[in-house]
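Take a look at the structure below.
Please treat every number below as a calculation from the coordinates, not as lab data. The shown structure was predicted, so the numbers you read here are calculated from the model rather than taken from an experiment. So basically every Cβ, Gly included, is an ideal-geometry build from the backbone, and we count neighbours across all protein chains shown.
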Amino acid sequence: MELTLPILKKMFAEAARDIAAEEQNLCRLDSACGDGDHGVAMRGAIEAASGAVQAASNLKDAFFDAGMAAMANSNGSTSTIYGTLFTGISDALPAEAESLSAAQIASAFEGALASMREVVKGDVGDKTCFDALIPAVRAMKGAADAAGLFSAAAKAADEGAKSTEKLRAKFGRARNLGEKSVGTLDPGAVSNAIMFAAFSRAFGK
């Protein structure tokens with residue numbers, strides 16, 4: 001199975017729905033070490049991105065428009081992160097593509113992640129969204145098809161998000177808490193895991 005525009009629209013619709021459902025929980029997680037607004041920011045960015053994808057007529061424009069919509073939503077670093085990620089994916093896609101193989105998807109995500117890391121600092125172990133995103137992108141390599149790719153990415157993102165409970169924050173306001181930041185899940189990693197879980201589930205519908 002390859003990724004097509006109709007499936008991509010389902011993926012983003014699922015992600016927007018799930019993030020909206022978890023908005024309060026994400027804000028609760030963020031309140032432990034941050035501003036307490038991550039759920040609001042994430043919901044705004046993903047709903048804007050999904051709206052752009054639903055209106056798109058091809059895969060390349062869908063990802064590009066999703067990224068621009070997320071950035072235009074103006075939700076601080078969340079908009080920058082996902083705006084850069086989605087537009088970066090678009091940059092790697094041929095304009096005429098009507099479907100994407102697992103190899104094409106993995107390559108596009110890898111390139112987008114590299115671009116994103118030039119804009120946003122962080123790595124695995126820093127207690128940020130990268131603890132879920134980097135493992136997810138790495139897990140995409142070698143997948144047989146798009147459904148398997150997003151299933152593997154969702155599993156890796158979930159495991160990465162759960163690992164943040166034992167980590168000490170190295171960025172943002174949470175960094176100032178030192179050891180007190182240990183014992184809580186990073187909201188950015190959790191929301192990333194929710195997104196990939198939704199992306200994966202959309203292939204079964």
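Structure data summary
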{"read-out": "Amide H contacts under 5 Å for Asp186, placed H, 5+ residues apart", "value": "Thr164, Glu165"}
{"read-out": "More than 28 Å apart - percent of Cα-Cα pairs taken over the chain", "value": "19"}
{"read-out": "For Val124, Val119, order by how many other beta-carbon atoms lie within 10 Å, fewest first", "value": "Val119, Val124"}
{"read-out": "Normalised contact order of segment 2-73, rounded percent, pairs of Cα under 8 Å and 6 or more residues apart", "value": "30"}
{"read-out": "Label-to-label distance, nm, for residues given as Ala72 and Asp35 (7 Å Cα→Cβ offset)", "value": "2.1"}
{"read-out": "Segment 5-59 - Rg (one decimal) and Dmax (whole number), Cα, Å", "value": "12.9, 41"}
{"read-out": "Gained length - Asn25 relative to Asp91, 0.36 nm times residue gap less alpha-carbon distance", "value": "20.4 nm"}
{"read-out": "Summed side-chain charge close to Asn25 - residues other than Asn25 whose Cβ falls under 14 Å, Lys, Arg +1, Asp, Glu -1", "value": "-4"}
{"read-out": "Positive-end residue of Ala66, Ala97, Thr128, charge dipole of segment 17-167 with Cβ unit charges", "value": "Thr128"}
{"read-out": "Computed log₁₀ I(q)/I(0) - Debye formula, equal Cα scatterers, no solvent, segment 40-155, q 0.11, 0.15, 0.24 Å⁻¹", "value": "-0.34, -0.65, -1.45"}
{"read-out": "Mean-position separation - Cα centroids, segment 115-149 and segment 1-51, in angstrom", "value": "17"}
{"read-out": "Segment 92-141 - Debye-derived log10 I(q)/I(0), Cα point model, q = 0.14 Å⁻¹", "value": "-0.40"}
{"read-out": "Gyration tensor over alpha-carbon atoms, segment 105-168, equivalent ellipsoid semi-axes in Å", "value": "21, 16, 6"}
{"read-out": "Per-residue [θ]222 nm for the chain (sum of -39500 (n - 2.57) over DSSP H runs n ≥ 4, rounded to 500)", "value": "-22000 deg cm²/dmol"}
